[in-house]
Structure formats: C-alpha cells, structure tokens
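So the structure is just underneath, and the comments pick up after that.
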Amino acid sequence: MGRLIVVSNRVAPTQEGRPAAGGLAVGVLDALKETGGVWFGWSGETVAEPSAPVIEQQGSVTYATVSLTRRDYDQYYKGFSNTTLWPTFHYRNDLARYERQEYGGYLRVNVSLARQLQPLIEPDDIIWVHDYHLIPFARCLRDLGVKNPIGFFLHIPLPVPEVLRSVPPHEELIKFMCHYDVVGFQTGADRQAFLDYIERGGHGTVSDDGMVHAWDRFLKVGAYPIGIYPDAIARASAQFSDRKAVRSLREAMRGRKLIMSVDRLDYSKGLAERFQAFERMLQNGPGWHGRVSLLQIAPPTRSDVQTYQTIRRNLEGEAGRINGRFAQLDWTPIQYLNRKYERNLLMALFREAQVGYVAPLRDGMNLVAKEYVASQNPEDPGVLVLSQFAGAAEQLPGALVVNPYDLNQTAEALERALSMPHAERVSRYNDMMASLRENNLSVWRDTFLADLRSVATAASVTAKARTAAPAGAASAPSPATSASAPEPAPRAARAQ
Ligand code: ADQ
C-alpha cells in the first residue's frame with residue numbers, strides 16, 4: 001500500500017510531533033502515522049519571495065510546508081476563500097464579496113501548490129485534499145499528469161444550488177470537484193446539494209450506488225461525518241478536572257448553574273443570537289436571576305478581515321448590554337472570554353457545565369458539540385442544546401435541537417436543559433455517546449480512504465480494459481485548460 005498524502009490549506013503547527021489543535025489535525029496526523037506519509041500545505045507564513053517547500057521528517061510523517069506571498073494571501077486566502085466562499089457556503093451571501101482578481105489568485109495559488117507538491121508524489125501514493133481553499137487542486141494535479149487517486153473532503157456546508165449560484169464561477173467550481181475520484185461531505189444534506197446541482201442543472205447523472213457521471217468524469221460522492229475520539233476526551237476531561245483553572249471556575253460558580261459555549265469568533269456561529277436567547281430566558285424567568293451564568297469562550301480568528309472586527313465589537317456590545325440589564329453585585333450573567341485554551345483543559349471546563357450551548361446559524365459539523373458530550377461525567381452528565389443547522393444535529397439524537405433564529409424556543413430549551421431530571425440526562429448522554437463511538441474519527445477517515453482506494457482500483461481496471469480495447473473505443477476525460485498555462489484565468493468570470 002502506498003503512502004497517504006494529505007493536502008490542507010494549513011499544516012497544523014506541531015509540538016514534539018503532536019498537533020496543537022482539534023479534530024482535523026488529530027485525525028490527519030493519526031492517519032499519516034499509521035500509513036506513513038506526507039502532510040503538505042501552507043506554513044502560515046507570508047514572505048516576499050516564494051521558495052521551495054520546507055521538508056521536515058518526524059517519525060513516519062513528512063511535513064512539507066510552503067509560504068505564501070502577501071498577494072497570494074490577500075487574493076487566495078483572505079479574498080476568494082474567506083470573503084467569497086466561506087460566507088456563501090454558510091448561507092451568508094449577504095456578507096460575500098466577489099472580485100475576479102481574487103478568484104484569479106485562488107486559481108494561481110492552487111496551480112502553484114500543485115506544482116510544488118508534484119515532485120513529492122510517488123506512483124502508489126493516494127492523495128486526500130481538504131476543504132474549500134483547494135477545490136481546484138485535483139484538476140491542477142491532473143494537468144501536471146498526476147494519475148494517483150485523489151479525494152476531497154469539504155469540512156464546511158455546501159449550500160443548495162440557488163445559493164451556490166451567487167458565486168459567479170459556481171459551475172467551474174463544481175466542475176473542478178468532479179476531477180476528484182471521491183468527494184466527501186459532512187452530511188447527507190450537503191451531499192444532496194451537490195447531487196441537485198449536477199442533476200437539476202443537467203450537468204450529469206447519479207447512479208443508485210452514489211456514483212456521479214458529469215463532464216466526462218466518474219466520481220463517488222458520499223457523506224462522511226467527521227467524528228472525535230470520545231473515550232480519549234472523556235479520560236482527558238476527568239484527568240484535568242483538578243486543574244487550578246477548573247477549580248477556580250467551580251469556586252466562582254458557588255453552586256450556580258453554568259451554560260457553556262466555545263466557538264471561533266465567526267458570524268456563522270450565531271453568537272449574538274445566542275446571547276439574545278439567553279437574555280430572553282432571563283427576561284421570561286426571573287427565578288433564574290443569580291442562579292445561572294453563560295460562559296462564552298470565543299478566540300478571535302482572521303482578525304484582519306473587516307467583518308470579524310465588526311462581529312467582535314457587536315458581541316462585546318451585546319454582552320455589556322445584557323450584563324448591564326440583569327447583573328447584580330455578586331452575579332454577572334454573561335462571561336465572555338476572548339482567548340484560546342489548552343485542549344484538555346477546555347474538555348475539563350466542559351465537564352463543569354450543566355448545559356453545552358452550541359447554536360451556530362450554519363456549521364459543517366461542529367466538533368464542540370461532540371466534545372461537550374464526550375467530556376461529561378457519565379454519572380451526572382450535562383445536557384446539549386444544539387442548533388438544527390449544525391451538521392452534528394444529524395448525529396446527536398439526545399440533544400435538545402433548536403432553531404437558533406427562534407429566541408423563545410431556544411430560551412425554553414435552555415430552561416428545559418437546566419431543569420432536566422437526572423434519569424433523562426443519563427439516557428440522552430448514553431444515546432449520544434453510543435453514536436459518537438460508532439462514528440468516531442477513525443471511522444470517518446477509514447471509510448473515506450477505503451472508498452477512495454476502491455474507486456481508484458475500479459478506475460484503473462477500467463483504464464486497463466480501455467487500453468486493451470481498440471483505439472477510439474473509449475474516450476478519456478479531456479481537461480479544458482492546458483497544463484502549460486501558468487495561471488488558468490477564471491473562465492466563468494471572463495465569460496460575463
Ligand atoms: P471550525 O469552524 O473551526 O471547523 P469546530 O468543528 O467547532 O469548528 O472545531 C473547532 C475546534 O477548535 C474544536 O476542536 C474546539 O475544541 C477548538 N476550539 C474552539 N475554541 C477554542 C478555544 N477557545 N480554545 C481552544 N480550542 C478551541 C471546520 C468546520 C466545522 C467542522 C470542522 C471539522 O467549520 O463545521 O466541524 O471543520 O471538520
């Protein structure tokens with residue numbers, strides 16, 4: 001079996017060979033350690049002049065990182081990826097901005113990354129590309145003659161065709177996705193959005209076994225919900241529950257109940273609505289005054305994108321307003337902390353909270369929901385209040401599922417969670433833990449890679465049969481742009 005090559009926008013920074021952060025990084029690194037392989041992507045650095053990839057070997061894993069120029073960063077990362085695709089894919093096309101030049105930069109960086117990776121690829125390798133920054137990547141590799149199996153996993157939602165069509169080069173993006181051998185989504189709904197685009201748009205057909213035939217390409221399209229390792233999290237949360245920070249939180253609560261939320265500071269996470277639903281609960285239930293606090297942890301992300309500065313200001317304003325309205329000398333209703341925590345400590349903090357409050361307006365999966373459940377004390381678990389618009393809602397049957405736009409419904413769910421009898425809490429927790437174990441992170445990774453290997457094997461058998469057949473009996477997929485083009489121009493954009 002060949003090596004696994006993982007390609008993601010960011011290669012997670014490592015500390016003594018361990019990734020610093022959450023689900024994707026842990027899953028990727030585990031997969032790589034088992035098979036041996038390469039993790040290729042951006043180092044997070046911007047430089048004046050691009051240079052060759054920096055290669056670092058740690059055990060069986062080779063880290064290959066590249067830097068971006070400021071122009072690449074502005075156009076590919078900050079521009080098209082995060083100001084066009086991110087908002088639109090989260091159904092916020094009101095916040096999206098499209099600039100043709102930025103799309104050109106997005107394509108240029110994908111081509112350049114593919115060129116830097118190509119010399120590292122060996123014939124038996126399989127390549128797994130992650131997320132919206134790299135949609136054209138398979139096409140760029142194919143243009144360079146790479147024949148290896150290539151899979152793609154989208155961590156964020158894929159919007160329904162009507163919303164997707166607000167991105168001017170939508171058709172080209174979907175066509176690019178069809179250059180992968182397997183395309184994976186977080187949920188059945190995301191997968192369906194892709195199939196609807198293909199079928200209803202008249203671009204291709206879908207067979208019963210999930211194979212798509214479009215633009216002369218055959219690919220498998222599936223839902224592969226990302227998981228966590230629930231038992232490892234359970235152990236960490238128990239072990240860290242004696243840490244000073246956790247003890248201080250416990251002492252500060254002095255018998256009050258705790259509702260806890262942890263998110264990156266992002267408009268998709270619905271933080272203002274979340275505060276407002278909590279406010280509604282306090283407004284409707286004066287009995288809760290002084291008896292419950294909301295702890296919101298939200299480290300800033302992409303602080304150089306204007307929208308994020310606005311969210312931060314709004315949120316600080318909302319927390320201040322609600323605290324001003326209800327606070328007492330010895331009680332602050334909302335504590336809003338703008339910082340990152342060490343992962344195991346965060347899990348132990350979750351264990352202190354009677355309610356995990358995860359109410360994004362739209363989210364591919366949301367690992368925090370899963371982590372909250374896994375962190376609970378099995379003897380006395382808390383309750384998860386979860387948005388119906390998080391992918392995790394398809395998988396956590398024991399959560400109280402809410403529409404985050406409905407403040408009254410969310411406020412009622414919070415109250416119900418805070419007052420839930422012990423037996424019901426335990427039963428809901430057990431249901432969710434069973435689901436988390438069944439769909440853990442290895443299952444996500446192994447299912448995806450097994451599909452990629454089997455589709456690739458089937459394709460190579462077909463290709464051999466075609467080669468054996470008389471010339472002209474079968475036509476190979478023909479790329480629309482030339483490998484020699486240094487920067488494929490955004491064709492859909494030019495056509496307008
Ligand atoms: P994200 O949008 O980053 O990921 P999420 O799934 O919630 O969202 O994962 C965030 C991770 O960061 C979690 O592991 C969480 O514990 C950690 N984290 C958050 N705040 C933290 C803090 N203050 N300190 C320390 N750690 C913190 C994208 C998609 C998601 C999808 C994931 C994985 O947007 O929908 O679930 O990828 O596929």
#### Entry: Enumeration of residues in segment 313-344 that are closer than 28 Å to R97 by Cα and either out of contact with any Leu (no Cβ under 6 Å at 6 or more places or on another chain) or of a type in the set (F, W, Y) (or both)
R313, N314, E316, G317, E318, N338
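Every residue, every condition in (1) closer than 28 Å to T88 by Cβ; (2) of a type in the set (V, I, T); (3) assigned by TED's automatic domain parsing to the domain that holds A236; (4) more than 24 Å from the chain's Cα centre (by Cα), yes or no:
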| residue | (1), (2), (3), (4) |
| --- | --- |
| G317 | yes, no, yes, yes |
| Y357 | yes, no, yes, no |
| E371 | yes, no, yes, no |
| N377 | no, no, yes, yes |
| D380 | no, no, yes, yes |
| M420 | no, no, yes, yes |
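Okay, residues lined up against (1) away from the ligand (no atom under 16 Å from the Cβ); (2) in the same structural domain as R362 (by TED's automatic domain parsing); (3) of a type outside the set (F, W, Y); (4) assigned to a helix (DSSP H, G or I):
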residue: A392; (1), (2), (3), (4): no, yes, yes, yes
residue: Y405; (1), (2), (3), (4): yes, yes, no, no
residue: A411; (1), (2), (3), (4): yes, yes, yes, yes
residue: A417; (1), (2), (3), (4): yes, yes, yes, yes
residue: E424; (1), (2), (3), (4): yes, yes, yes, yes
residue: N430; (1), (2), (3), (4): yes, yes, yes, yes
### Query
Exactly one of (1) in contact with an Asp or Glu (Cβ under 9 Å, 6 or more places away or on another chain); (2) assigned to a helix (DSSP H, G or I); (3) over 22 Å from G27 (Cα atoms) is unmet by Q116. Its number?
(1)
### Task
Quickly run through segment 259-306 and pick out the residues that are under 17 Å from A353 (Cα atoms), within 12 Å of the ligand (Cβ to nearest atom), in contact (Cβ under 8 Å) with a residue 60 or more places away in the chain and part of a strand (DSSP E or B).
M260, S261, V262
### Query
Residues of segment 315-344 being of a type in the set (D, E), touching a residue at least 12 places away in the same chain (Cβ under 8 Å) and within 16 Å of S261 (Cα to Cα), which ones?
E316, E318
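From the set of residues in segment 20-31 that are assigned to a helix (DSSP H, G or I) and over 13 Å from S442 (Cβ atoms), which is modelled with the highest pLDDT?
Here is the first cut: in segment 20-31, the ones assigned to a helix (DSSP H, G or I) are 23-31.
Next, only the ones that are over 13 Å from S442 (Cβ atoms) stay: 24-25.
On the way: L24: 71, A25: 77.
Applying the filter and picking the extreme gives A25.
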### Summary
Those residues of segment 267-278 that are crowded, with 21+ Cβ neighbours inside 10 Å and either charged (D, E, K, R) or not assigned by TED's automatic domain parsing to the domain that holds T307 (or both) come to a total of 2
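So which of G36, G41 is modelled with pLDDT of 90 or more and either assigned by TED's automatic domain parsing to the domain that holds A369 or in contact with a Ser or Thr (Cβ under 8 Å, 6 or more places away or on another chain) (or both)? First the steps, then the outcome.
On the way: G36 fails: modelled with pLDDT of 90 or more.
Checking each option against the conditions leaves just G41.
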### Query
Do any residues in segment 150-162 that are of a type in the set (G, A, S) have Cβ atoms under 7 Å from those of residues that are in a loop (DSSP other than H, G, I, E, B) and away from the ligand (no atom under 15 Å from the Cβ), where the two are at least six apart or on different chains, and which pairs are they?
G151/Y180; G151/D181
### Residues of segment 307-351 classified as part of a loop (DSSP other than H, G, I, E, B) and away from the ligand (no atom under 16 Å from the Cβ), total
5
#### Entry: Residue that is farthest from L141 (Cα to Cα), among those in segment 65-90 that are out of contact with any helix residue (DSSP H, G or I) (no Cβ under 6 Å at 6 or more places or on another chain) and outside any helix (DSSP H, G or I)
T69
### Failed criterion for P169 (all others in (1) under 22 Å from T84 (Cα atoms); (2) without any contact (Cβ under 8 Å) to a residue 60 or more places away in the chain hold)
(2)
### Query
From the list V163, V167, which residue is in a helix (DSSP H, G or I) and either over 29 Å from N440 (Cα atoms) or among the polar types (S, T, N, Q) (or both)?
V163
### Query
From the list Y76, Y91, which residue is surrounded by fewer than 23 Cβ atoms within 10 Å (Cβ to Cβ) and under 25 Å from R362 (Cβ atoms)?
Y91
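Output the residues belonging to segment 352-373 that are among the charged types (D, E, K, R), more than 6 Å from the ligand (Cβ to nearest atom) and more than 18 Å from A434 (Cα to Cα).
Matches in segment 352-373: E352, R362.
For (1) of a type in the set (V, I, T); (2) surrounded by 23 or more Cβ atoms within 10 Å (Cβ to Cβ); (3) free of Cβ contacts under 8 Å to residues at least 24 places away in the same chain; (4) assigned by TED's automatic domain parsing to the domain that holds V373, each residue gets a yes or a no:
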site: V146; (1), (2), (3), (4): yes, no, no, no
site: Q186; (1), (2), (3), (4): no, yes, no, no
site: L195; (1), (2), (3), (4): no, no, no, no
site: G222; (1), (2), (3), (4): no, no, no, no
## Note on the structure
The lone condition A236 fails out of (1) outside the structural domain of D363 (by TED's automatic domain parsing); (2) surrounded by fewer than 22 Cβ atoms within 10 Å (Cβ to Cβ) is (1)
### Task
Would you check if there is a residue in segment 290-310 being over 21 Å from V262 (Cβ atoms), surrounded by fewer than 19 Cβ atoms within 10 Å (Cβ to Cβ) and more than 25 Å from the chain's Cα centre (by Cα)?
yes
### Filter result (aliphatic (A, V, I, L, M) and either more than 16 Å from the ligand (Cβ to nearest atom) or surrounded by fewer than 20 Cβ atoms within 10 Å (Cβ to Cβ) (or both)) within segment 155-184
V160, V163, L164, V167, L173, I174, M177, V182
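The values are calculated or read from the model by the stated rules, or taken from the named source; none is laboratory data. In this text the structure is predicted, and so the values were computed from the model without any measurement. Here Cβ is always computed from backbone atoms with ideal geometry, including for glycine, and neighbour counts include all displayed protein chains.
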